[in-house]
Amino acid sequence: MFAAGKLEQDLQALGVRAGETLLVQSSLRSVGPVDGGAETILKALLGALGPEGTLVVYTASPENSDTSRMALALTDPLPPAELRAHRATMPPFDLATTPTTPILGHFSELVRAQPGAVRSRHPQTSFTALGPKAGELMAEHALDCHLGERSPVRRLYDSGARALLVGVPVWCCTAFHLAEYRQPGQPGQRYGCVITDGRGLRQWVHFDAPKLEDEHFVAMGEALADDITGLVRGRLGDADCFLLSIAEGVDASTAWLARRR
């Protein structure tokens with residue numbers, strides 16, 4: 001049974017530095033038995049980062065859509081009348097209360113719910129930060145820029161932040177999507193989601209934005225394991241982990257996508 005102190009030691013051995021900004025994506029089950037569960041892992045991370053460090057997680061809600069693959073997979077079996085009723089009653093994105101999608105695991109939702117946490121405003125691909133740089137990192141998230149230049153991903157890139165992947169492979173790093181925005185001629189897609197209009201009334205909005213793809217990420221991740229010179233491998237509890245510079249990872253992803261095209 002792992003305690004917070006042991007996990008904090010593991011993080012320090014991995015190279016997590018006090019005062020840095022760290023994007024964490026995790027499979028908590030891979031860490032093994034933890035005394036206190038996810039809250040203990042959060043305590044260990046905050047302890048390793050110290051009071052000047054900032055923790056960032058991805059708190060997406062892709063179910064809030066009538067266009068995303070996940071939303072369509074959930075609603076495809078519905079007959080037309082039930083589908084219309086479903087979309088007419090879907091709750092709008094609420095910055096304070098809309099939960100993180102369950103597919104991202106419990107840890108992201110735990111961080112989102114922490115006092116003082118700051119969430120970016122995107123109704124489908126939000127991030128949440130906890131720490132002194134939270135407001136700065138989450139300040140801009142344009143509706144038509146899910147994970148691009150006008151999103152927290154760019155601010156993480158510019159700020160020298162790193163990513164810690166706990167029990168998940170390198171290619172799972174969400175920040176790598178920034179590389180897609182940096183490809184010439186990136187295809188677009190129509191997106192839709194339900195939001196509030198500022199007066200508490202719900203409304204659907206539709207917009208065009210670059211099409212995000214995951215299909216190439218597995219192959220890209222295998223290549224990046226060799227291309228990212230600063231990639232660190234280690235363990236947190238029982239979990240295999242990767243620690244890397246987001247800027248270096250995005251740059252390597254950008255170059256890989258350019259070669260592939």
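At 37 °C and 0.692 mPa s, what whole-number value in µm²/s does Stokes-Einstein give for the translational diffusion of region 185-261, with Rh from the Kirkwood sum over Cα pairs? D, rounded to a whole number, is 208 µm²/s. Rg then Dmax, both in Å and based on the Cα atoms of region 220-261: 11.6, 39. Partner lysines whose Cα lies under 19 Å from the Cα of K6, excluding those fewer than 8 positions away in the same chain, are identified as K43.
Surface analysis of region 59-158 yields an accessible area of 47 Å² per residue, using protein heavy atoms and a 1.4 Å probe. Highest GNM mean-square fluctuation among V194, V218, V57, for the chain modelled with Cα contacts below 10 Å: V218.
How far is helix 4-14 tilted off the main Cα axis of the chain, in degrees rounded to 10, range 0 to 90? Rounded to the nearest ten degrees, it is 90. Just to be sure I understand, if you calculate Cα Rg over 2.2 N^0.38 Å for this structure, which of (i) 1.07; (ii) 0.95; (iii) 1.02 do you get? This structure yields the entry labelled (iii).
Pair-distance distribution P(r) for region 96-205, from all Cα-Cα distances in 10 Å bins starting at 0: 12, 41, 38, 9, 0 percent.
Residues of region 183-208 falling in the label zone of L72, defined by backbone nitrogen less than 19 Å from a point 7 Å along Cα to beta-carbon, are 187-194, 205-208. Computed from Cα positions, the angle between helix 38-49 and the longest principal axis of the chain comes to roughly 60 degrees.
State, to one decimal in nm, how far the label point of T196 lies from the label point of D94, with both points 7 Å from Cα in the Cβ direction. For the pair T196/D94, the computed spacing is 0.7 nm.
In region 98-146, Cα pairs under 8 Å separated by at least six residues give a relative contact order of 29 percent. Estimated from helical segments only, the mean residue ellipticity of the chain at 222 nm is -10000 deg cm²/dmol, where each DSSP H run of four or more residues counts as -39500 (n - 2.57). Seen against the Cα atoms of the chain and their longest principal axis, helix 80-89 is set at about 60 degrees. Note on D240 and A225: their simple-model spin labels are 0.6 nm apart, each label 7 Å out from Cα toward Cβ. Taking label positions 7 Å along the Cα-Cβ direction at both R150 and S30, the computed distance is 3.4 nm, reported to one decimal. In order along region 220-235, the Karplus-derived 3J(HN,Hα) couplings, from 6.51 cos²θ - 1.76 cosθ + 1.60 at θ = phi - 60°, round to 4, x, 5, 6, 5, 4, 9, 7, 8, 5, x, 5, 10, 10, x, 9 Hz, and Gly and Pro are given as x. Charging the Cβ of each Asp and Glu at -1 and of each Lys and Arg at +1, and nothing else, the dipole of region 1-92 about its Cα centre rounds to 100 debye. Near T101, once Lys and Arg are set to +1 and Asp and Glu to -1 for all other residues with Cβ below 13 Å from its Cβ, the sum equals 0.
By accessible area, using a 1.4 Å probe on protein heavy atoms only, the chain has 55% of its surface on carbon and sulfur. On the basis of the beta-carbon distance and an R0 of 51 Å, V232 and A81 show a calculated FRET efficiency of 0.40. Taking the Cα atoms of region 54-131, the ratio Rg/Rh between the radius of gyration and the Kirkwood radius comes to 1.05.
Taking θ as phi - 60° and the Karplus parameters 6.51, -1.76 and 1.60, the scalar couplings of region 199-212 work out to 10, x, 9, 7, 8, 8, 10, 10, 7, 9, 7, x, 7, 8 Hz in sequence order, x denoting glycine and proline.
The values are calculated or read from the model by the stated rules, or taken from the named source; none is laboratory data. Given the structure is predicted, the values throughout are model-derived calculations rather than measurements. A quick note on method: Cβ atoms are made from the backbone with ideal geometry, for glycine too, and the neighbour counts reach across all protein chains shown. To get the accessible areas, we keep the full protein, side chains included, count just its heavy atoms, and leave off ligands, DNA and RNA. Shrake-Rupley method; radii C 1.70, N 1.55, O 1.52, S 1.80 Å.
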